[in-house]
Structures are given as C-alpha cells and as structure tokens.
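Colleague: Once you've had a glance at the structure underneath, I'll fire off some questions.
The values are calculated or read from the model by the stated rules, or taken from the named source; none is laboratory data. Note that this is a predicted model, so its numbers are computed, not measured. Because the Cβ atoms are built from the backbone with ideal geometry, glycine has one as well, and the counts that use them run over all protein chains shown.
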Amino acid sequence: MYLLRDLKGLIGPLLVPRQFPAMLRQSFGLMRTKKLRFRERRDESADIATFVFEPVRAIHWQAGQHLFYHLPHPDRDKNGAYRFFTISSAPGDGQVTVTTRLSKPGSSFKQALQKLSAGDIVRARGPLGIFTFDDPHKTAVFVAGGIGITPFRAILHDLDQRGLAIKVYLFYVNSSEDFPFRAELDSLEARHPDLRIRYVVSPTRVTTEDFQSLPDWERLEFYLSGSPGMVNHYHALLKNLGLPRRQRHRDILIGY
Ligand SMILES: Cc1cc2nc3c(=O)[nH]c(=O)nc-3n(C[C@H](O)[C@H](O)[C@H](O)COP(=O)(O)OP(=O)(O)OC[C@H]3O[C@@H](n4cnc5c(N)ncnc54)[C@H](O)[C@@H]3O)c2cc1C
C-alpha cells in the first residue's frame, strides 16, 4: 500500500507552522460532505477520461485542490471505496471534473466510476490540499508526470479565466505522444507569451541542465505533480541543486 515516504510528502507540508490555517480549514473540509451529480464522461486520450460532475450546492475551492470521494459499490477490491482526485476543472467552470487513468483490469473503484449514469449522486469531502498557486505574479516551473497534469490544468485555466498573465514554464512528461489536454494547453500557450510548454516522452527525462537553463532559475518556484516515484525524483534533484525548500512544492498522487 502507500509508503510512509509518500504519506510524509502528503501531510508534511501541512505541518509547517505557516500552513496551520490551511490545516484548520482542511479539517473542516473533511467534515463537510458534498453531493455531486454525475453528468458525462469525456475521453482525453486512449486510457485517460474526464468525469464531469455538477455540485448539488455550490462548492468553493482553489485551483489545484482535491476532493476525497466515496463511491460505494459491490465486490470492492482491497483498495476499497475511497479515493483522492484533484479537481481538474477551474473554479470558474462551475463543474467539478475528475480526470483519471483507466487501466485494464483496473480497480473496482474505477470500474464503478465508469458505470455511473447521468444523474447519479456521488459524495465527496473537501476541498483539500495546499498545492495551489498563490502568487501568480511570480514565475513558476511546473513539472507534470502523466496524470499529474490535473492540478496544472486547473491552475492554468483559472489564471486564464481571471485574465492574469501566465508566467510558467511547463515540462509535461508522459509515457506516450498521446498527451491528455494537449490541444487546450497549446491554445493557452498561443494566447500567453510567457507560458512555455515542453512535451517530453519518457524514458527521456527533464534534466538538471534543463532547469538550470531557465533564466534566473534559482529564483523560480518549482511545482511537481505526478506519481510518488516521479515527484520524489525531481524533488531530490532540486534539493541537490540547493533550491530552498520554500521554492519546492509537491503534489504526490499516491496510488500510482
Ligand atoms: C492528493 C491526491 C490527488 C490525486 N489526484 C489524482 C488525479 O487527479 N487523477 C488520478 O487518476 N489519480 C489521482 N490520485 C491517485 C488516485 O487517488 C488513485 O490512487 C489512482 O488513480 C489509482 O487508482 P486505483 O487505485 O483505482 O487503481 P487503477 O488506476 O485502477 O489501477 C492502478 C494499477 O493497479 C492495477 N490494479 C488496480 N486494481 C486492480 C485489481 N483489483 N486487480 C488487478 N490489478 C489492479 C491496474 O491494472 C493498474 O496497473 C490522487 C491521489 C492523491 C493522494
């Protein structure tokens, strides 16, 4: 199951004193159940789909946050009926979307997700998480590994909808050329001159030199999102480069 190291990555940031207010807010978030009405499924790539929900009552969240879903279903496997999913939509969209990888055979949870019919109600707790982009005036580097694109997709759309200039270098690493959301990311890049996207197909990786070649790289804020292995790899790399902890932000998609 989940490694201690991964859990540390998830909970650790909240234990920093300046994050105590966020921790308090999140405790309340966990107590509150939200009802979401399933609307439709959209396929983003060969094995990635977005599930669109309408909140029964308005939900307020910050781009980059996630919800904790409960999807009771018969014949549950050992991983059960609860999952975290980043909200891949922006708050201004008015809908909550879950974008996820659908493997074969896949968990009983994801099979149940695929069996939802329009109008079905799903319950979730939250919003949770501090992987948010609080100072859009700073230039940032986003590194996404596969489905780790979800918080960045929400953040970039949010900035765009709020009419803010996007000052971001996005490195998007994926296992194939079939990058989910590529068309819309390209369209954002075309409209925002300071958004620069580099698509990287693994096993090629983003390197130390790639980071160091960015102008004023020591002053940039780095945001990493993806599987525990991917995030820990780039986090260690940035730590070894001497980048201060306050400029290293992690969103570990535990479960991959
Ligand atoms: C803060 C946070 C945010 C997250 N955000 C997202 C997000 O936006 N999108 C997202 O996709 N995930 C996200 N995750 C991860 C998510 O919670 C799940 O852990 C992840 O999607 C894996 O889902 P799953 O366990 O249902 O397995 P699956 O995705 O169904 O499967 C994973 C692998 O295990 C195998 N497998 C699973 N179950 C079985 C089984 N019963 N029998 C045989 N093989 C099996 C599959 O074949 C596959 O290889 C997030 C996690 C956290 C902590």
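Colleague: For the range 229-256, what are the residues that are part of a helix (DSSP H, G or I), of a type in the set (A, V, I, L, M) and more than 16 Å from the ligand (Cβ to nearest atom)?
Modeller: 236, 237, 238, listed by residue number.
Colleague: Right, here's the next one. Within the range 157-174, is even one residue under 21 Å from residue 253 (Cβ atoms), within 14 Å of the ligand (Cβ to nearest atom) and of a type outside the set (Ser, Thr, Tyr)?
Modeller: For the range 157-174, residues under 21 Å from residue 253 (Cβ atoms), within 14 Å of the ligand (Cβ to nearest atom) and of a type outside the set (Ser, Thr, Tyr): present.
Colleague: Then there is this: Go over the candidates 47, 77, 43 one by one and state the one that is within 10 Å of the ligand (Cβ to nearest atom) and closer than 26 Å to residue 143 by Cβ.
Modeller: Only one candidate qualifies: 47.
Colleague: Given the condition in contact with a Leu (Cβ under 6 Å, 6 or more places away or on another chain) and modelled with pLDDT under 95, answer yes or no: does some residue in the range 190-206 qualify?
Modeller: No, the range 190-206 contains no residue that is in contact with a Leu (Cβ under 6 Å, 6 or more places away or on another chain) and modelled with pLDDT under 95.
Colleague: Return yes when residue 60 is touching a residue at least 60 places away in the same chain (Cβ under 8 Å) and more than 21 Å from residue 256 (Cα to Cα) and no when it is not.
Modeller: Answer is yes for this residue.
Colleague: Scan the range 208-228 for residues that are part of a helix (DSSP H, G or I) and buried (at least 20 other Cβ atoms within 10 Å of the Cβ) and report the count.
Modeller: Of the residues in that region, 2 qualify.
Colleague: Also: Take the range 104-151 and flag every residue that is near the ligand (Cβ under 9 Å from one of its atoms) and of a type in the set (A, V, I, L, M).
Modeller: 113, 128, 147, 149, listed by residue number.
Colleague: Could you give every pair whose Cβ atoms fall below 8 Å, whose first residue belongs to the range 117-145 and is farther than 21 Å from residue 227 by Cα, and whose second residue is within 16 Å of the ligand (Cβ to nearest atom) and among the small types (Gly, Ala, Ser), counting only separations of at least 6 or pairs across chains?
Modeller: Final answer for the pair search is 125/29; 126/29.
Colleague: Exactly one of these conditions fails for residue 142: (1) surrounded by 12 or more Cβ atoms within 10 Å (Cβ to Cβ); (2) out of contact with any helix residue (DSSP H, G or I) (no Cβ under 6 Å at 6 or more places or on another chain). Give me its number.
Modeller: (2)
Colleague: Take residue 90 and decide whether it is closer than 27 Å to residue 183 by Cα, of a type in the set (A, V, I, L, M) and more than 10 Å from the ligand (Cβ to nearest atom).
Modeller: yes
Colleague: Going through the range 137-167 one residue at a time, which ones are of a type outside the set (D, E, K, R), more than 12 Å from the chain's Cα centre (by Cα) and under 20 Å from residue 66 (Cβ atoms)?
Modeller: 140, 157, 159, 161
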